[in-house]
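Trainee: Here's a structure for you.
The values are calculated or read from the model by the stated rules, or taken from the named source; none is laboratory data. Since the structure is predicted, the reported quantities are computational estimates derived from the model, not experimental observations. Glycine also receives a Cβ, built like all others from the backbone with ideal geometry; neighbour counts cover every protein chain displayed.
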Amino acid sequence: MHLDHPVTMPHRHTHSADPRRPDGSRRALRIGFGGPVGSGKTAAVAALCRTLRGRLSLAVVTNDIYTQEDAAFLRREAVLPPERITAVETGACPHTAIRDDISANLEAVEQLEQELRPLDLILIESGGDNLTATFSRGLVDTQVFVIDVASGDDIPRKGGPGITTADLLVVNKTDLAPYVGADLDTMAADTRRQRKDLPFAFTSLTTDDGIRPVADWVTERLTAWRSEAGR
Amino acid sequence: MSRTALLLLADGRFPAGGHAHSGGMEAAVASGAVHDTTSLEAFCRGRLHTAGLTAAGLAAAAATGHDPLALDDAADTRTPVPALRHIGRRLGRQLLRAARATWPCPELDHIAHHRPGGVHQPVVLGVAARAAGLTPLDAAHAAAYDSVGGPATAAVRLLSLDPFDAAAVLGRLADDCDDVAGEAADAAGRVATAGTTVLPAASAPLLDITGEHHAAWTVRLFAS
Ligand SMILES: Nc1nc2c(ncn2[C@@H]2O[C@H](COP(=O)(O)OP(=O)(O)O)[C@@H](O)[C@H]2O)c(=O)[nH]1
Ligand SMILES: [Mg+2]
């Protein structure tokens, strides 16, 4: 449960979505959460909401595959008021909705921004897909890829765009490592090799405050996003 | 006119939100009405000559330069079901976003400005076609093809149909698509003098009914 290279994280300046509102103020930071089904994306989003909602104005967009399950879960858990959670339908193709045709997600994001302004942060959860599914830069400003130790400790070694290029890689469910025979040291070494200088965090989201390293990273990104506003 | 612009506009990969919609196919599959290649073809042929013809007329009329807001009202008149009106406007907004990025022009801005809630998708399609330098007949072709291309793709996903069979269905419908587009463009040519009432108003009551039902499903793959 450590966060590597917290300060050397590279900042992206290639926002294709306009970072400013029409009135010139900076819009909410948009963070995508991608990764395979069941890795802990919803758990991460829920934990972030609980941790950050006291001091930030938050909203969530979910991209469910065939239900409103994730949105319903988040509403049921009351991590945010219901009007702050929007579900986007993806027509059996979750990666299309976050990468190739982002129009429905952009609509959802802009509507939240309009109705709840001022918003600080919008978290967009992907429907869960394969290791190649990443978010378009036209939709999110920065993205987190979530995998878990229980799906095989060779996943970091296999790589793929999500693992190698995401702005933060989360390797979740470290608590399960002893039960599934996952070697965390090997996973960490493979991860470091795949990601070079990009940050990653090993987490157990079922543990108290297990979201901390991710929450710290998000806070840091938001600070950077706001300071870019002055430029 | 640029033939390539028409290919771009009619391409299922044009990022205008269509991929999440089945055009009534999901409901038809659930009821058992569509279950194989033959029933897929029957569904598509029916949709083309009803909803497709109506959409093609609206698109062609918009491509003549006729007032898109009046055509949006005409689209409402031809869309009795609230769920499908809602979907039509939502897809219209999504297409408008893609079209403004691809063929920026005051006519598309005008729609965004005057109808922030969106206008019906076929109307946007027609204005976008005009912005791309295309003719009303081109716009009608794009709308006619769109009315069957989306459902056919959805059927492949929903039924695990052989994609070659689905492509062959669309191939066999090509002449019908041309006929529908021609009829729609002819009607659109009369709108300037005779008003929007001359536009086709063919409806498919079963698509309307299942469209409204589908919107209330809690578990579904497609948004419509
Ligand atoms: N043991 C354990 N279970 C977890 C952890 N994080 C999430 N889960 C569970 O894994 C399942 C899938 O998580 P979810 O967040 O829905 O995955 P998603 O499909 O990526 O959104 C749920 O039952 C979670 O409670 C973790 O760190 N440890
Ligand atoms: Mg989830």
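Trainee: Output yes when any residue across the range A:31-54 is within 14 Å of chain B (Cβ to nearest Cβ) and closer than 20 Å to A:Gly160 by Cβ, and no when none is.
Mentor: No, every residue in the range A:31-54 fails to be within 14 Å of chain B (Cβ to nearest Cβ) and closer than 20 Å to A:Gly160 by Cβ.
Trainee: Another question about this same structure. Testing A:Asn105 on (1) closer than 23 Å to A:Ser57 by Cα; (2) away from chain B (no Cβ under 14 Å); (3) within 16 Å of ligand 2 (Cβ to nearest atom); (4) not charged (D, E, K, R), one condition comes back false. Which one is that?
Mentor: With respect to (1) closer than 23 Å to A:Ser57 by Cα; (2) away from chain B (no Cβ under 14 Å); (3) within 16 Å of ligand 2 (Cβ to nearest atom); (4) not charged (D, E, K, R), A:Asn105 is out only on (2).
Trainee: From the residues in the range B:181-224 that are within 19 Å of B:Leu125 (Cβ to Cβ) and within 14 Å of chain A (Cβ to nearest Cβ), which one is surrounded by the most Cβ atoms within 10 Å (Cβ to Cβ)?
Mentor: The extreme case among them is B:Ser224.
Trainee: When you look at B:Thr210, is it over 23 Å from A:Ala92 (Cβ atoms) and in a helix (DSSP H, G or I), yes or no?
Mentor: For B:Thr210, the condition - over 23 Å from A:Ala92 (Cβ atoms) and in a helix (DSSP H, G or I) - is not met.
Trainee: Within the bounds of the range B:191-211, is there any residue that is of a type in the set (D, E, K, R) and in contact with a helix residue (DSSP H, G or I) (Cβ under 6 Å, 6 or more places away or on another chain)?
Mentor: Checking the range B:191-211: not a single residue is of a type in the set (D, E, K, R) and in contact with a helix residue (DSSP H, G or I) (Cβ under 6 Å, 6 or more places away or on another chain).
Trainee: Give the residue that is nearest to the other protein chains (Cβ to nearest Cβ), with candidates limited to residues of the range A:191-213 that are away from ligand 1 (no atom under 16 Å from the Cβ) and under 14 Å from A:Asp167 (Cα atoms).
Mentor: Within the range A:191-213, the match that is nearest to the other protein chains (Cβ to nearest Cβ) is A:Leu198.
Trainee: Taking the range B:12-48, which residues are part of a loop (DSSP other than H, G, I, E, B), in contact (Cβ under 8 Å) with a residue 40 or more places away in the chain and either within 14 Å of chain A (Cβ to nearest Cβ) or β-branched (Val, Ile, Thr) (or both)?
Mentor: Scanning the range B:12-48 gives B:Gly12, B:Phe14, B:Pro15, B:Ala16, B:Gly17, B:His21, B:Ser22, B:Gly23, B:Gly24, B:Val34.
Trainee: Can we say A:Leu112 is out of contact with any His (no Cβ under 8 Å at 6 or more places or on another chain), under 28 Å from A:Leu176 (Cα atoms) and more than 16 Å from ligand 2 (Cβ to nearest atom)?
Mentor: no
Trainee: Among the residues of the range B:73-105 satisfying the criterion of being β-branched (Val, Ile, Thr) and over 13 Å from the mean Cα position of the chain (by Cα), which is nearest to the other protein chains (Cβ to nearest Cβ)?
Mentor: Here the answer is B:Thr102.
Trainee: Just checking, how many residues over the range A:70-91 are out of contact with any strand residue (DSSP E or B) (no Cβ under 8 Å at 6 or more places or on another chain) and more than 16 Å from ligand 2 (Cβ to nearest atom)?
Mentor: Qualifying residue count, the range A:70-91: 5.
Trainee: Name, by its number, the condition in (1) modelled with pLDDT of 95 or more; (2) in a loop (DSSP other than H, G, I, E, B); (3) under 22 Å from A:Thr90 (Cα atoms) that does not hold for B:Gly117.
Mentor: Just one mismatch for B:Gly117, condition (1).
Trainee: Next up: Could you name every one of the helices (runs of 4 or more DSSP H) located completely within the range B:137-203 that has at least 3 residues being farther than 27 Å from B:Ala33 by Cα?
Mentor: Answer list for the range B:137-203: B:174-189, B:191-194.
Trainee: Hey, another quick one. Where in the range A:34-129 are there helices (runs of 4 or more DSSP H), lying fully within it, with 3 or more residues that are buried (at least 24 other Cβ atoms within 10 Å of the Cβ) and in contact (Cβ under 8 Å) with a residue 40 or more places away in the chain?
Mentor: A:41-52
Trainee: May I ask you to verify whether A:Gly91 is within 12 Å of ligand 1 (Cβ to nearest atom) and outside the structural domain of A:Trp217 (by TED's automatic domain parsing)?
Mentor: The answer is no for A:Gly91.
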